[in-house]
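Working notes for the structure below.
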Amino acid sequence: MKLNLKNPIVFFDLETTGINIANDRIVELSFLKVEVNGNELSRTMRVNPGIPIPKKASDIHGIKDEDVKDSPTFTEIAKNVAREFEGCDLAGYNSNRFDIPLLAEEFLRAGVDFEMKKRKFVDVQVIFMKMEPRTLEAALHFYCGKALEDAHSAEADTRATYDVLQAQLDRYSNLENDIAKLAEFSSHNKNVDFVGRIIFDENDVEVFNFGKYKGKPVAEVLSSDPGYYGWMMQGDFPLYTKKVLTSIKLRGIQ
């Protein structure tokens with residue numbers, strides 16, 4: 001089933017130096033942009049992360065330091081990537097928990113203001129796990145009857161993700177062909193930041209989702225325990241989480 005699009009949508013996948021949102025970097029970015037009229041644009045870019053690629057990561061995606069030593073840094077390509085993604089919703093496989101938060105971090109490090117709030121995020125993995133808990137390789141075989149060649153290649157994973165989502169729409173009559181609905185269905189929580197350290201509760205109040213203040217309104221904690229803000233700002237939290245925290249803090253003193 002073809003996607004019913006109100007906006008263009010970008011399916012993307014990142015290969016990285018590791019899985020730490022705050023500290024790891026992109027080494028390859030691949031995306032498949034689908035226009036409202038169905039036209040497609042596919043592109044893959046190697047990226048110099050500026051830090052060594054651990055062997056553990058290279059063993060997974062096959063990209064080593066020498067493969068990216070002459071590639072541009074993300075800072076050098078950030079404006080072009082933002083331009084390609086402008087006005088687009090975003091989709092991926094495990095993207096809500098990893099690819100989108102890490103991409104947001106890279107844009108912040110590059111000093112590029114890439115607005116995320118107005119976009120819809122569709123995570124095909126979440127839909128799959130809710131319907132048929134498996135891996136991407138199993139998803140492609142289950143929904144499309146295909147084998148995933150070159151698994152952990154960003155380009156192959158991106159195409160497979162797009163194919164799986166279309167097949168999911170064909171299979172499940174209760175799955176609405178609407179990006180906003182798919183984004184809602186494929187989210188675990190109503191996150192305020194991307195990694196879910198701060199979420200909206202049932203009353204749409206921002207609350208902490210970890211630690212000693214889990215479930216407590218962020219604004220109240222920052223008022224009653226001002227030192228907690230400093231602890232988080234100095235801690236190993238993603239830049240976007242710190243940006244959200246600062247926004248809530250500033251809102252409280254206006």
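The values are calculated or read from the model by the stated rules, or taken from the named source; none is laboratory data. Source: prediction; values computed, not measured. Note that we place each Cβ from the backbone using ideal geometry, even for glycine, and neighbour counts take in every protein chain shown.
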Practice item. Output the number of residues of segment 111-126 satisfying the condition of being over 16 Å from Asn191 (Cβ atoms) and either in contact with a helix residue (DSSP H, G or I) (Cβ under 6 Å, 6 or more places away or on another chain) or not assigned by TED's automatic domain parsing to the domain that holds Asn94 (or both). Key: 3
Practice item. Specify which of the listed residues (Leu140, Leu148, Leu108) is in contact with an Asp or Glu (Cβ under 7 Å, 6 or more places away or on another chain) and either surrounded by fewer than 18 Cβ atoms within 10 Å (Cβ to Cβ) or in a loop (DSSP other than H, G, I, E, B) (or both). Key: Leu148
Check your understanding: Which number in (1) surrounded by fewer than 18 Cβ atoms within 10 Å (Cβ to Cβ); (2) more than 16 Å from Gly92 (Cα to Cα) marks the one condition that Pro238 misses?
Key -> (1)
Exercise for review: Within segment 137-168, track down each residue that is hydrophobic (A, V, I, L, M, F, W, C), within 15 Å of Phe12 (Cα to Cα) and modelled with pLDDT under 90.
Suggested key: Ala151
Check your understanding: Name the residues in segment 156-210 that are of a type in the set (D, E, K, R), within 16 Å of the chain's Cα centre (by Cα) and part of a helix (DSSP H, G or I), would you?
Key -> Asp157, Glu184
Revision key, fill the gap. Of (1) at pLDDT below 95; (2) closer than 18 Å to Ile179 by Cα, Cys88 fails just (1)
Exercise for review: Would you check which residues across segment 160-188 are closer than 16 Å to Lys117 by Cβ and polar (S, T, N, Q) and list them?
Suggested key: Ser187
